[in-house]
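K.L.:
Before we start, here is the structure in question, set down as structure tokens.
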Amino acid sequence: MVKDRVIYHELYTPEDAIAKIMKYTSINPLGVETVELPLAYGRVLAEDIYAPIDVPHFDRSTVDGYAVRAEDTFGADELFPLELRVIGSISPGVGNLPVISRGEAVEISTGAPIPSGANAVVMVEYTKRAEDRVIVYKSVVPGENIVNTGSDISAGELVLRRCTTLREREIGVLAALGIRSVKVYRKPRVAVISTGDELVEPGGSIGLGMIYDINSYTIASSLASIGADPHIIGIVRDDLDSMLRVISEAEREYDVVIVSGGTSAGPTDIVYRVFREMGPPGVVVHGLKVKPGKPTVIALSRSGKLLVGLPGYPSSALMIFNIIVKPLLSRMLCLSYYEPKVKARLSVRVEGARGRRGLYPVILVDTGEYIAAYPQSAESGAIKVLAYSDGFIVVPESVEYIPEGEIVDVTLFSSEYRPADLYIVGSHDIGIDRLIPHLGLNVKVINVGSLEGLKSASRGEADIAGVHLVDDETGEYNVPFIVKYNVKDIVVVRGYMREQGLIVARGNPHRVSGIEDIASKRLRLVNRNRGSGTRFLLDMKLKELSRKIGVAFEDFIARIEGYYYEVRTHTAVAAAIAQGKADIGLGIRVAAEIYNLDFISLGWENYDFVIPKSKLQKEPVRRFLKALKSSELRVELENLKGYRVLSETGEVIWES
């Protein structure tokens, strides 16, 4: 098997990959079928629709009132009203209409047809009924308060074009024309297969080294969102014969086959070998000049069916789905593919991918003056990143980096960008997760660390920044950093206290008693990301220790295995220890509790909230502060191990 491996002989840009596929085949709609109107939502029209009737197909009233000859009302006003004789009334749906002559009127309801002889309607508000007479206090002009025949849609008019997706508005037009069924393009039937010995169906028992099958469900959902008909085949193990059998059966039954996993060049990555057997032409593209998503395989079977092998990592698979699969499937649905984009200001510097096109998910923050883009970790395995992200930015192959503050194009994952009600930027905190449900708002939480949260608040991007930065000289939290960075026009609201300490395996097998054991016992450390408050606290403790033993800080941390092994959350620290990747880490007590680990307390810290003054009157911020003071939240937080609510929680403790 190893001798037959293919190591990406040629990498293609996404555009070149699609162009190469189109050299081998023309991808077009797969056929036409007729569906009843109640089942037409989301389908794509396969024919132009011409109006068989006028809409409306009669002149009708837009108000309740009296149908009249406009000329009979000229000169009428409050001082000099006119009288007309009422000869009948008309309701919607009435077909037998009277004929109006000079000096006559007919009482009429909204939507009712206009009788012959009438050319205007006087609103009932400008009339007074007196038995068989009506007194008119306002004149009208010909055509007033009347919708004429065909004013909405004219008979013979092209109202809906072929290749239009039918949504509620288009279906409403069809119903208005009396059309009961329409011809639509057949949905591509797509087989969705996940590969890997490590995969388990959601709901099954999972052990160390095993993961739940994410891709089958995210890819199937993505297919459904663009109008395709996905069919989840299930998990196939890394066995050549099994995979060849399952993919061959899927190729015979379905229009497109999408496989995730097994597309790289490792000894168990055999999808490209199976695709090769499905030809000619077989594999057309193996490897894209992008990051993430390099190990992508695109092939055509001998019967001309499209076979796509996506990377196994969930975020990579979804990113490549958007830039490769979606354009190709759009052709099968007769849809013009476009990428909705918005302009945004980059919040931090983003590195390029060294000769490959970098794809970086971003969360967007609408400041009211501009949209800020917060790049998220580009780790291929992260699924939460895409769930929280609004879109992605592209760093071209030839660009080394994009600096902070640069205006970039953000390709949206959905058709439009919808801002959140509240943006909380800063340090990861489990307490915030308990607070959010009390708000009843659409909240975006961006975990970038305390320091970046403080910077975000200083720029007026964050509505609220959660921070716990400790000053290594005074031991004071948060305010010294606001002074140091000269942050203006903000307030600091007291949050709550959290217990920080050393997290170690259950039973404390290394007999850890304090921070000094990290170096003296040569323990493997898992660290937090730079800029996080926990990282500041650890560095402060390690600096104290290095000074005590007379070793330069840089030399001291060089001795610590894992000092540069960084994770972004407290629970990630605990998970690394639970999985045996590290012996020790610094984090909050509740993270240790979640993973059933031991905890050696180092003390309590202040977790506070920095809020720009310009945001204080924003209703979601006011709601946040009210919830922070609530007795319900106090009870909920104090039920978390290692959390302590203070008497001044929710109060402003400092401002600049």
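K.L.:
Please list, ordered by residue number, the strands (runs of 3 or more DSSP E) wholly in segment 1-115 having 1 or more residues that are under 29 Å from Arg162 (Cα atoms) and touching a Ser or Thr at 6+ places or on another chain (Cβ under 9 Å). Break it down stepwise before answering.
P.N.:
Values: elements: 32-36, 65-68, 82-90, 104-108.
Filter on segment 1-115 gives 32-36.
K.L.:
Okay, moving on. Checking Glu157 against (1) of a type in the set (Asp, Glu); (2) over 28 Å from Ile87 (Cβ atoms); (3) crowded, with 16+ Cβ neighbours inside 10 Å: exactly one of these is not met. Which one?
P.N.:
Only one criterion in (1) of a type in the set (Asp, Glu); (2) over 28 Å from Ile87 (Cβ atoms); (3) crowded, with 16+ Cβ neighbours inside 10 Å is unmet by Glu157, namely (3).
K.L.:
Going by the structure shown, is Val385 in contact with an Asp or Glu (Cβ under 6 Å, 6 or more places away or on another chain), surrounded by fewer than 24 Cβ atoms within 10 Å (Cβ to Cβ) and touching a residue at least 60 places away in the same chain (Cβ under 8 Å)? Explain how you work it out, then say what you get.
P.N.:
Numbers: in contact with an Asp or Glu (Cβ under 6 Å, 6 or more places away or on another chain): no; surrounded by fewer than 24 Cβ atoms within 10 Å (Cβ to Cβ): yes; touching a residue at least 60 places away in the same chain (Cβ under 8 Å): yes.
Here the answer is no, as Val385 does not meet what is asked.
K.L.:
Looking only at segment 120-138, count how many residues are surrounded by 19 or more Cβ atoms within 10 Å (Cβ to Cβ) and under 15 Å from Arg102 (Cα atoms).
P.N.:
4
K.L.:
If the Cβ limit is 8 Å and pairs must be 6+ apart or interchain, which residue in segment 80-109 that is farther than 19 Å from Tyr126 by Cα pairs with which residue that is assigned to a loop (DSSP other than H, G, I, E, B) and polar (S, T, N, Q)?
P.N.:
If the second residue must be assigned to a loop (DSSP other than H, G, I, E, B) and polar (S, T, N, Q), the pairs left are Ser91/Ser109; Pro92/Ser109; Pro92/Thr110.
K.L.:
OK, next. Check Pro52 against each of (1) touching a Cys at 6+ places or on another chain (Cβ under 8 Å); (2) surrounded by fewer than 18 Cβ atoms within 10 Å (Cβ to Cβ); (3) not β-branched (Val, Ile, Thr) and name the one condition it does not meet.
P.N.:
Every condition holds for Pro52 apart from (1).
K.L.:
Within segment 443-454, can one find any residue that is charged (D, E, K, R), closer than 30 Å to Glu544 by Cβ and free of Cβ contacts under 8 Å to residues at least 40 places away in the same chain?
P.N.:
no
A quick yes/no check of all residues on (1) more than 17 Å from Ser260 (Cβ to Cβ); (2) outside the structural domain of Gly261 (by TED's automatic domain parsing); (3) in contact (Cβ under 8 Å) with a residue 60 or more places away in the chain:
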{"position": "Asp197", "(1), (2), (3)": "no, no, yes"}
{"position": "Ser205", "(1), (2), (3)": "yes, no, no"}
{"position": "Leu208", "(1), (2), (3)": "yes, no, yes"}
{"position": "Ala224", "(1), (2), (3)": "no, no, no"}
{"position": "Gly227", "(1), (2), (3)": "yes, no, yes"}
{"position": "His231", "(1), (2), (3)": "no, no, no"}
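K.L.:
Right, something else. Among (1) modelled with pLDDT of 95 or more; (2) touching a Leu at 6+ places or on another chain (Cβ under 9 Å), which single condition is Ile193 missing?
P.N.:
(2)
K.L.:
Quickly run through segment 389-409 and pick out the residues that are surrounded by 17 or more Cβ atoms within 10 Å (Cβ to Cβ), more than 18 Å from Ile320 (Cβ to Cβ) and either under 14 Å from the mean Cα position of the chain (by Cα) or among the charged types (D, E, K, R) (or both). Can you show your working first?
P.N.:
Step one: of segment 389-409, the residues surrounded by 17 or more Cβ atoms within 10 Å (Cβ to Cβ) are 389-395, 397, 402, 408.
Remaining after also requiring more than 18 Å from Ile320 (Cβ to Cβ): 390, 402, 408.
Selection gives Asp390 alone.
K.L.:
Can you tell me how many residues in segment 525-541 are of a type in the set (A, V, I, L, M) and either surrounded by fewer than 20 Cβ atoms within 10 Å (Cβ to Cβ) or within 14 Å of Gln500 (Cβ to Cβ) (or both)?
P.N.:
If we filter segment 525-541 for residues that are of a type in the set (A, V, I, L, M), which is where we start, we get 525-526, 537-538, 540.
Subset that is either surrounded by fewer than 20 Cβ atoms within 10 Å (Cβ to Cβ) or within 14 Å of Gln500 (Cβ to Cβ) (or both): 537-538, 540.
Summing the residues that are of a type in the set (A, V, I, L, M) and either surrounded by fewer than 20 Cβ atoms within 10 Å (Cβ to Cβ) or within 14 Å of Gln500 (Cβ to Cβ) (or both) in segment 525-541 gives 3.
K.L.:
How many of the residues in segment 102-146 are among the hydroxyl-bearing types (Ser, Thr, Tyr) and within 53 Å of the chain's Cα centre (by Cα)?
P.N.:
3
K.L.:
Here's a follow-up. In segment 88-119, what count of residues is obtained for those that are among the hydrophobic types (A, V, I, L, M, F, W, C) and under 16 Å from Ile135 (Cβ atoms)? Before the answer, list the steps.
P.N.:
To start, the set of residues in segment 88-119 that are among the hydrophobic types (A, V, I, L, M, F, W, C) comprises 90, 94, 97, 99-100, 105-106, 108, 112, 114, 118.
Pick out the ones that are also under 16 Å from Ile135 (Cβ atoms) and you get 105-106.
Total meeting the criteria: 2.
K.L.:
For segment 247-290, which positions are closer than 19 Å to Asp229 by Cα and out of contact with any helix residue (DSSP H, G or I) (no Cβ under 9 Å at 6 or more places or on another chain)?
P.N.:
Glu249, Ala250, Glu251, Arg252, Glu253, Tyr254
K.L.:
Within segment 334-356, how many residues turn out to be small (Gly, Ala, Ser), in contact with a helix residue (DSSP H, G or I) (Cβ under 8 Å, 6 or more places away or on another chain) and closer than 18 Å to Val408 by Cβ?
P.N.:
Final tally of qualifying residues: 1.
K.L.:
Regarding Val573, is this residue assigned to a helix (DSSP H, G or I), surrounded by fewer than 14 Cβ atoms within 10 Å (Cβ to Cβ) and assigned by TED's automatic domain parsing to the domain that holds Val493?
P.N.:
Working: assigned to a helix (DSSP H, G or I): yes; surrounded by fewer than 14 Cβ atoms within 10 Å (Cβ to Cβ): no; assigned by TED's automatic domain parsing to the domain that holds Val493: yes.
When the stated conditions are applied, Val573 does not pass them.
K.L.:
Here's a follow-up. Go through segment 167-216 and give me each residue that's touching a His at 6+ places or on another chain (Cβ under 9 Å) and buried (at least 20 other Cβ atoms within 10 Å of the Cβ).
P.N.:
Val190, Ala191, Val192
K.L.:
Here's another thing I want to ask about it. Just to be sure, is Arg459 under 16 Å from the mean Cα position of the chain (by Cα), farther than 21 Å from Glu499 by Cα, basic (Lys, Arg) and surrounded by fewer than 22 Cβ atoms within 10 Å (Cβ to Cβ)?
P.N.:
Criteria not met by Arg459.
K.L.:
Would you point out the residue of segment 164-174, among those that are of a type in the set (A, V, I, L, M) and either without any contact (Cβ under 8 Å) to a residue 12 or more places away in the chain or in contact with a strand residue (DSSP E or B) (Cβ under 7 Å, 6 or more places away or on another chain) (or both), that is farthest from Glu251 (Cα to Cα)?
P.N.:
Val173
K.L.:
Kindly indicate whether any position in segment 245-255 is closer than 30 Å to Gly580 by Cβ, buried (at least 21 other Cβ atoms within 10 Å of the Cβ) and at pLDDT 95 or above.
P.N.:
no
K.L.:
Search segment 12-45 for residues being more than 30 Å from Lys294 (Cα to Cα) and among the aliphatic types (A, V, I, L, M), and hand back the single one that is nearest to the chain's Cα centre (by Cα).
P.N.:
Val44
K.L.:
Mind checking whether some residue in segment 266-288 is under 22 Å from Leu412 (Cβ atoms) and not in a helix (DSSP H, G or I)?
P.N.:
Checked segment 266-288: at least one residue is under 22 Å from Leu412 (Cβ atoms) and not in a helix (DSSP H, G or I).
K.L.:
Among the residues of segment 175-185, is there at least one that is farther than 30 Å from Asn28 by Cβ, outside any strand (DSSP E or B) and free of Cβ contacts under 8 Å to residues at least 24 places away in the same chain?
P.N.:
no
Let's see how each residue does on (1) closer than 30 Å to Ser614 by Cβ; (2) of a type in the set (D, E, K, R); (3) buried (at least 18 other Cβ atoms within 10 Å of the Cβ):
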residue: Pro480; (1), (2), (3): yes, no, no
residue: Val483; (1), (2), (3): yes, no, no
residue: Leu502; (1), (2), (3): no, no, yes
residue: Pro509; (1), (2), (3): no, no, no
residue: Glu516; (1), (2), (3): no, yes, no
residue: Lys521; (1), (2), (3): no, yes, no
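K.L.:
Then there is this: Out of (1) surrounded by fewer than 21 Cβ atoms within 10 Å (Cβ to Cβ); (2) of a type outside the set (Val, Ile, Thr); (3) assigned to a loop (DSSP other than H, G, I, E, B), what's the single condition that is false for Ala224?
P.N.:
(3)
K.L.:
Condition check: surrounded by fewer than 18 Cβ atoms within 10 Å (Cβ to Cβ) and either among the hydrophobic types (A, V, I, L, M, F, W, C) or closer than 30 Å to Ile235 by Cβ (or both). Does Val147 satisfy that? Outline the logic, then answer.
P.N.:
Numbers: surrounded by fewer than 18 Cβ atoms within 10 Å (Cβ to Cβ): yes; either among the hydrophobic types (A, V, I, L, M, F, W, C) or closer than 30 Å to Ile235 by Cβ (or both): yes.
Taking the combined requirement at face value, the residue satisfies it.
K.L.:
Which condition from (1) out of contact with any strand residue (DSSP E or B) (no Cβ under 8 Å at 6 or more places or on another chain); (2) within 19 Å of Val308 (Cβ to Cβ) is the one that Gly203 breaks?
P.N.:
Of the numbered conditions (1) out of contact with any strand residue (DSSP E or B) (no Cβ under 8 Å at 6 or more places or on another chain); (2) within 19 Å of Val308 (Cβ to Cβ), the odd one out for Gly203 is (2).
The values are calculated or read from the model by the stated rules, or taken from the named source; none is laboratory data. Being a predicted model, the structure only gives us computed values, none of them experimental. Note that each Cβ is placed from the backbone with ideal geometry, even for glycine, and that neighbours are counted across all protein chains shown.
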